[in-house]
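The values are calculated or read from the model by the stated rules, or taken from the named source; none is laboratory data. Because the structure is a prediction, the values reported are computed rather than measured. Note that each Cβ is placed from the backbone with ideal geometry, even for glycine, and that neighbours are counted across all protein chains shown. Surface accessibility is based on the protein's heavy atoms, side chains included, excluding ligands, DNA and RNA. Shrake-Rupley method; radii C 1.70, N 1.55, O 1.52, S 1.80 Å.
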Amino acid sequence: MIIKAEKLSKTYGDFTAVEEVNLSISRGEIYGFLGPNGAGKTTTIQILTGVIPPTSGRVMLFGKPFTPENRETKLRFGVVPENHPSGFWPWLTAGEYLEFFADLFSVPHPGARISELLGRVGLEKVRDKKIREFSRGMLQKLSILRAVLHSPDILFLDEPISGLDPLGIKQVRDLILEENREGRTVLVSSHILSEVEKICTRGAVISQGRVRMEGEMSRFISMLSPEKIITVEADEIPDRFDRQLAALPFVAACTAGKKRLQVTLSGERDYRKELSGYLYGQGIIPVVFREETATLEDAFISITNETLERIQ
Amino acid sequence: MKALLKMKIKETAYNPGFYITVTIALVLSHFLIEGFVLCVESSGFNYAATPLYGFIGRTLNGIFGPAFTDRVFAAGPFLFSSAVSFALCFLFLSIISIFRFCFEKSTGVIEFVCCGPVDIRRYGTAVFFRDCLFLGISSGGIIIYNLTSAAAANLVFGPGDLVFSLILMAAGIVFFLYGNLLSMLASTAASALLSYLGVFALFLMVLTAGYADAAGYMGNLFQNVSRFLQWFSPLFYMQSAVKAFFFLRPLNLVLSFLALSALGGGIYGAVRMAGRGKGRFAE
């Protein structure tokens, strides 16, 4: 495991920001860290990167216990915080900004690397523009470039696409995927689920400071909806056909319109063959036979709602 | 840290406030030197001859007594003017540095920069070196101005004036370390600035207590407290060094510098510890 968090907790007085968080991330993964605002994502990332110390628990990076004093380890990761700090030397140009960090991280051939990175996110034309004139989206992109500038092994991205326009989102997504292809492990926190779904294979859902679920993204969805919902469209559906279908042993529920059926199959076994066979037997030729899959968004809402209900 | 220091130097170099302060300090220095020359009469130095020196003389008399005042003015025109112009530049640099450090801490700039090979202690060290550099530049400017004035008005800017400037710089550097420590510990810029000015005022009071007559229980108590606090005050060592120089005691001068360095080392150690502990980031 390249990143391992063991029972991380952080409390501020009576308030518990993070409680016994366990995470395991393998080398080369893009790991999604999901949760609503205030769930504890940023606190967890700050602990993982040594910005704030945990109240209890420990962080292992590259298989070794990590402490913020460990300069060598800090050189091996890049961080994009949720917000670019407002007071950060606004008199710098984009080029000077990256040159400073290249100098700080001792990047070899900084000029070429900076030009290459600026080109990748379409910022090469604003290299000499002062960063105080940058939009939030441009600053966010610059912040991501800063994090990848020294080619780190791990990237911690806290809400990297918030505030970006669709083109910016695509550019950042491509950049993350490209960095991952080059072998970097990426931990990306976000509440924009469609994006996480597109790039992450594994992840965790955090809510109220606790990890509610960790594993494959597809597992989140299947856990939410073990039953399959099938939508069938045909030229004509006979009257009261829904009652007929509901009487079948493998059908949990059914609703029918004049040309449309929605059938919920029971259990975890795949009964699609049985259903289509029955429909053909009844003279109904489906023009559409579609399985409705729950989205990550459904899973996320369901998991976080469940947590809230449990707490209440 | 070199990259960070370069950036910190740029930060102050781009600040017009620094140049304005140095200009004001030099203008003030000009008036003080000119006023001093006007106070020199055939009978000797008469500070009541000009309203400016009349005010300064009465104030110093009130606080330190006539013996001290006479000694200050006997040292020539540059001692007092150097101290005033230096104090102005030093206060500007330390206030702006504390304010900026706390602002950067609260807005996440330090956290942002420290997500890399530097930590807040190295950040603080870069800020300290930057402050020392600009204090050196402003002191250099004041010395050059004084040398030019001396040449133009046929006055003597002697080794005593030069050594006094060095003593001022050394004390200023230790005060920067106090500022650095308070910036690390305080949660807001206002609290850091207030505590810094408080420490500065306290040490000034401790210095003046040495000249005041102790009377009654409170007077004795204040004297005793002052005697304890003076060991933590750069002004105390500065005063010892000045005395040692004017009374030609080189060993005492060296010891004063060594003690000041030891105090600076102690505060630097405290800064490092504060960086490791709760002063790491505003949480």
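Here are the numbers for this structure:
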item	result
Output for segment A:60-90, where each listed residue is part of a strand (DSSP E or B) and small (G, A, S)	A:G78
Residue in segment B:172-187 that is within 29 Å of B:F247 (Cα to Cα), hydroxyl-bearing (S, T, Y) and open to solvent by less than 20 Å² (accessible area, probe 1.4 Å) present	no
Any chance B:L194 is in a helix (DSSP H, G or I), farther than 30 Å from B:C115 by Cβ and modelled with pLDDT of 90 or more	yes
The listed residue being small (G, A, S), open to solvent by 10 Å² or more (accessible area, probe 1.4 Å) and away from chain B (no Cβ under 14 Å), out of A:G38, A:G13	A:G38
Evaluation of A:F77 against (1) at the interface with chain B (Cβ under 10 Å from one of its Cβ atoms); (2) free of Cβ contacts under 8 Å to residues at least 60 places away in the same chain; (3) not hydroxyl-bearing (S, T, Y) (one fails), failing number	(2)
Looking only at segment A:100-116, and only at residues there that are modelled with pLDDT of 90 or more and buried (at least 20 other Cβ atoms within 10 Å of the Cβ), the one that is nearest to B:Y14 (Cα to Cα)	A:F100
Helices (runs of 4 or more DSSP H) enclosed by segment B:1-84 - at least 3 residues per element that are among the charged types (D, E, K, R) and over 19 Å from B:L147 (Cα atoms)	B:2-13
Cβ pairs under 6 Å, 6+ apart, first in segment B:44-61 and among the polar types (S, T, N, Q), second modelled with pLDDT of 80 or more and crowded, with 16+ Cβ neighbours inside 10 Å	B:N46/B:C39; B:T50/B:G35; B:T50/B:C39
Condition met for A:S56 (surrounded by fewer than 16 Cβ atoms within 10 Å (Cβ to Cβ) and within 12 Å of chain B (Cβ to nearest Cβ))	no
Verdict on A:S143 being under 17 Å from B:F112 (Cα atoms), open to solvent by less than 60 Å² (accessible area, probe 1.4 Å), facing another protein chain (nearest Cβ under 10 Å) and of a type in the set (S, T, Y)	yes
